[in-house]
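Before any comments, here is the structure.
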Amino acid sequence: MKESILKTDGLYHVYESKAEDGNVVALRGLHLDMKEGEAIAVVGPSGSGKSTLMKCLGGLMKASAGSVSLAGKNMTRLTGQELVELRQKTVAFIFQEGNLLPNMNARDNVAQPLRHQGVASRKALKLADAMLDQLGMVHRAHALPMMLSGGEQQRVAIARALITKPRLILADEPTGALDPVTSREVLALFKDLHENSGVSFLIVTHSKEVAAFANRSLELRDGRFVAEHGANVDVEDLGKDRELIIDETGTVTLPPDLLVRIGGAGRYTVGNADSGYLSLQGEAVEAMGKMELASACPACKHAYDGTEEQLCPSCGSSRPMVEVKE
Ligand SMILES: Nc1ncnc2c1ncn2[C@@H]1O[C@H](COP(=O)(O)OP(=O)(O)OP(=O)(O)O)[C@@H](O)[C@H]1O
Ligand SMILES: [Mg+2]
């Protein structure tokens with residue numbers, strides 16, 4: 001069995017707020033065990049906690065409860081300096097945007113993580129140029145980020161992430177700002193690093209191609225992993241080929257489409273528990289009425305027109321269940 005590169009136990013994150021709507025529980029007790037060399041995609045609707053998860057995993061944000069271990073070291077127990085060193089050695093981030101220091105040109109941005117590790121400036125710049133070349137950006141090495149297009153900035157950000165040869169790359173929608181061609185090139189580079197250098201990837205994505213590159217995909221909803229999918233998941237139809245996750249507290253959260261199919265919230269009797277199967281039989285609770293998928297998006301009013309879509313195609317919000325009006 002390979003060693004874990006990243007492991008979490010009962011990870012919670014609460015955004016505290018004194019405002020009227022109060023605290024937001026963004027992560028609700030997540031367990032994850034990622035083996036060295038694995039590529040995992042995290043999929044799920046807008047607001048489900050994907051970015052929060054990435055920030056907690058990379059040590060950019062402190063978890064409210066639970067632990068995160070990176071390369072076998074419990075990050076929650078490290079001092080500031082130890083944490084910085086562990087991160088520098090092991091992990092690199094690629095965010096959707098805002099990865100670059102605005103007052104440094106592309107080349108200096110890419111070289112900077114190496115300089116932080118004590119590499120001599122001249123050598124760092126040479127390696128930066130080589131990396132920019134791999135990403136087709138060496139001709140823009142002297143441009144400041146604001147002079148680059150979104151896609152170009154992202155390619156520089158990827159060069160910056162790869163320059164330290166990290167064992168793990170945490171990426172939040174890394175190809176979100178890229179055109180299809182550049183996006184494919186970046187993915188090819190990721191694949192090469194994964195297959196030939198054994199780099200592990202945890203990638204938040206809405207893209208089919210990116211999800212298909214992963215060995216497995218975890219479906220996040222409302223701060224919980226609700227299901228897991230094998231390779232080649234179709235992110236537009238998460239209903240296929242889905243394994244539900246029961247977490248360590250015994251909680252299973254049904255994805256909304258399944259909830260609709262079994263008749264909605266209610267009381268169910270459990271049968272077959274000893275056989276390795278679990279069958280649930282029952283009816284939706286009277287008082288809750290019968291539930292169905294909402295016909296329009298509550299956020300942007302997009303009309304679903306009889307489709308079974310789970311995510312709003314125009315704003316990405318999760319499609320809620322509503323009571324059927326008799
Ligand atoms: N700084 C913050 N303060 C308070 N609440 C926050 C903050 N950042 C995020 N949240 C809330 O936490 C929840 C999870 O947000 P998060 O950004 O992790 O979602 P996401 O899955 O990355 O969404 P998206 O796909 O839109 O990027 C949301 O309900 C969001 O409103
Ligand atoms: Mg996000």
Could you go through region 184-194 and let me know if any residue there is surrounded by 20 or more Cβ atoms within 10 Å (Cβ to Cβ), in contact with a Leu (Cβ under 9 Å, 6 or more places away or on another chain) and in a strand (DSSP E or B).
no
Filtering region 43-101 for residues that are near ligand 1 (Cβ under 10 Å from one of its atoms) and at positive phi leaves a count of 3
Would you check which residues across region 1-38 are farther than 29 Å from Val199 by Cβ and under 16 Å from the mean Cα position of the chain (by Cα) and list them?
Arg28
Within region 280-293, can one find any residue that is touching a helix residue (DSSP H, G or I) at 6+ places or on another chain (Cβ under 8 Å), more than 30 Å from Arg167 (Cβ to Cβ) and not aliphatic (A, V, I, L, M)?
yes
In region 158-183, the residues that are buried (at least 21 other Cβ atoms within 10 Å of the Cβ), more than 16 Å from ligand 1 (Cβ to nearest atom) and charged (D, E, K, R):
Arg160
Do the conditions hold for Ala65, that is, is it among the small types (Gly, Ala, Ser), in contact with a strand residue (DSSP E or B) (Cβ under 6 Å, 6 or more places away or on another chain) and surrounded by fewer than 16 Cβ atoms within 10 Å (Cβ to Cβ)?
yes
Could you grab me the full set of residues in region 168-181 that are out of contact with any strand residue (DSSP E or B) (no Cβ under 6 Å at 6 or more places or on another chain) and either touching a residue at least 40 places away in the same chain (Cβ under 8 Å) or in a loop (DSSP other than H, G, I, E, B) (or both)?
Thr175, Gly176, Ala177, Leu178, Asp179
So how many residues does region 135-159 have that are closer than 29 Å to Glu85 by Cβ and not in a loop (DSSP other than H, G, I, E, B)?
8
Close pairs (9 angstrom Cβ cut-off, 6 or more residues apart or separate chains): over 16 Å from Glu185 (Cα atoms) in region 201-214, polar (S, T, N, Q) and part of a helix (DSSP H, G or I) anywhere:
Val204/Ser51
Take Val14 and tell me if it is of a type in the set (Val, Ile, Thr), touching a strand residue (DSSP E or B) at 6+ places or on another chain (Cβ under 9 Å) and over 23 Å from Asn99 (Cα atoms).
yes
Taking Gln154, is it closer than 30 Å to Arg28 by Cβ, touching a Pro at 6+ places or on another chain (Cβ under 9 Å) and within 16 Å of ligand 2 (Cβ to nearest atom)?
no
Any chance Ala26 is in contact with a strand residue (DSSP E or B) (Cβ under 7 Å, 6 or more places away or on another chain), assigned to a loop (DSSP other than H, G, I, E, B) and crowded, with 19+ Cβ neighbours inside 10 Å
no
Can you list residue pairs whose Cβ atoms sit under 8 Å apart, with the first residue in region 1-24 being at pLDDT 85 or above and the second being basic (Lys, Arg)? Count only pairs 6 or more apart in sequence or on different chains.
Glu3/Lys35; Ser4/Lys35; Ile5/Lys35; Ile5/Arg167; Tyr12/Arg28
Yes or no: Ser64 within 16 Å of ligand 2 (Cβ to nearest atom) and over 14 Å from Leu202 (Cα atoms)?
no
Starting from residues that are part of a strand (DSSP E or B) and without any contact (Cβ under 8 Å) to a residue 60 or more places away in the chain, keep the ones in region 68-83 and report whichever is farthest from Arg28 (Cα to Cα).
Lys73
Could you say which residue among Leu114, Leu125, Leu132 is surrounded by 17 or more Cβ atoms within 10 Å (Cβ to Cβ), in a helix (DSSP H, G or I) and free of Cβ contacts under 8 Å to residues at least 24 places away in the same chain?
Leu125
Being closer than 30 Å to Asn215 by Cβ, in contact (Cβ under 8 Å) with a residue 24 or more places away in the chain and surrounded by 12 or more Cβ atoms within 10 Å (Cβ to Cβ) narrows it down to one of Leu258, Leu278, Leu238, Leu244, so name that one.
Leu238
Only one residue in Ala92, Ala63 is under 18 Å from the mean Cα position of the chain (by Cα) and in a loop (DSSP other than H, G, I, E, B), so which one is that?
Ala63
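The values are calculated or read from the model by the stated rules, or taken from the named source; none is laboratory data. What you are looking at is a predicted structure, and each value in this text was computed from that prediction instead of being measured. Because the Cβ atoms are built from the backbone with ideal geometry, glycine has one as well, and the counts that use them run over all protein chains shown.
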